[in-house]
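The values are calculated or read from the model by the stated rules, or taken from the named source; none is laboratory data. Note that the structure is a prediction, hence the values are computed from the model and not measured. All Cβ positions, even for glycine, are placed from backbone atoms using ideal geometry, and neighbour counts span all protein chains on display. Surface accessibility is based on the protein's heavy atoms, side chains included, excluding ligands, DNA and RNA. Shrake-Rupley method; radii C 1.70, N 1.55, O 1.52, S 1.80 Å.
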Amino acid sequence: MAGHSKWANIQHRKGRQDEKRGAAFSRVAKEISVAAKLGGGDPSFNPRLRLAIEKAKSVNMPKDKIENAIKKGTGELEGVDYSEVRYEGYGPGGAAVMIDCMTDNKTRTVAAVRHAFSKYGGNMGTDGCVAFQFKHCGQLVFAPGTDEVKLMDAAIEAGAEDVVTNDDGSVEVITQPADFLAVKEALEAAGFKAEFAEVTMKPLTETVLAGEDAAKMRKLLDALEDLDDVQEVYTTAVMDE
């Protein structure tokens, strides 16, 4: 574990997301449309759509844009037909990288992803080459200084799967994907506000990078996240600050 670096890495990622608020609207809209297309437009009966709407609210997406994205998914409004695709590979230092995309042109998307890998010292791999290094789960990260005992009690009562304290003092609450929203809401009601909360692919191992490898990995991750078709980027890399 490279727990001393975890909080800094999470803050860096959160900062990157805040910088790209406009792009976040586009990505969340795609997720809402695809969720509505696959499971219907009523979030009460569509957990994936409920999660997507929660994410939209977290980036302050206007209500009318959320509603329009749902209507595009259900066919009430004309919209682009997106398909989901995942790419996997290795970055500098052998760190695993997994990229989830939504696209209307897979040829364009795979070419852009492959270019980013090759430009910044990585290699695109085959399907499944790194997926086993990640766990699909809900993850809520709380700042160093959070009362771990009280948080743990509240998290367990809410149905969390695990609570982990990192070396830097930050605390992670892990949930089953289906339990994420219920646990998040219960913890907020108990007075605990996560700095970072989402259903994610959490790395099961970590690859600590420093120096040139860390710099290249930052550039690779930034390049991938800047691609219009990319929804999420996951990595086992932890970069020392």
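For region 164-179, the candidate set comprises residues that are in contact with a Ser or Thr (Cβ under 9 Å, 6 or more places away or on another chain) and among the small types (Gly, Ala, Ser); within that set, the residue that is most open to solvent (accessible area, probe 1.4 Å) is Gly169. Annotation: of all residues in region 190-211 being hydroxyl-bearing (Ser, Thr, Tyr) and open to solvent by 30 Å² or more (accessible area, probe 1.4 Å), the one that is nearest to Tyr90 (Cα to Cα) is Thr207.
Any idea which residue in region 29-54 is nearest to Leu181 (Cα to Cα), counting only those that are of a type in the set (A, V, I, L, M) and in contact with a strand residue (DSSP E or B) (Cβ under 9 Å, 6 or more places away or on another chain)? Applying the filter and picking the extreme gives Leu51. The sole residue among Ala182, Ala214 that is part of a helix (DSSP H, G or I) and open to solvent by less than 40 Å² (accessible area, probe 1.4 Å) is Ala214. Looking at region 98-109, I want the residues that are open to solvent by 60 Å² or more (accessible area, probe 1.4 Å) and have a partner that is at pLDDT below 95 with Cβ atoms under 6 Å, at least 6 apart or on another chain. Which pairs are those? Note: pairs meeting the criteria are Asp104/Val80; Asp104/Tyr82.
Being over 21 Å from the mean Cα position of the chain (by Cα), within 23 Å of Leu204 (Cα to Cα) and open to solvent by 60 Å² or more (accessible area, probe 1.4 Å) is the requirement here; does Asn123 meet it? Yes: the conditions hold for Asn123. Just one residue in the set Gly191, Gly169 is touching a residue at least 12 places away in the same chain (Cβ under 8 Å), assigned to a loop (DSSP other than H, G, I, E, B), farther than 30 Å from His115 by Cβ and out of contact with any helix residue (DSSP H, G or I) (no Cβ under 7 Å at 6 or more places or on another chain); that residue is Gly169.
For region 55-69, the criterion of being crowded, with 19+ Cβ neighbours inside 10 Å and in contact with a strand residue (DSSP E or B) (Cβ under 9 Å, 6 or more places away or on another chain) is met by none of the residues.
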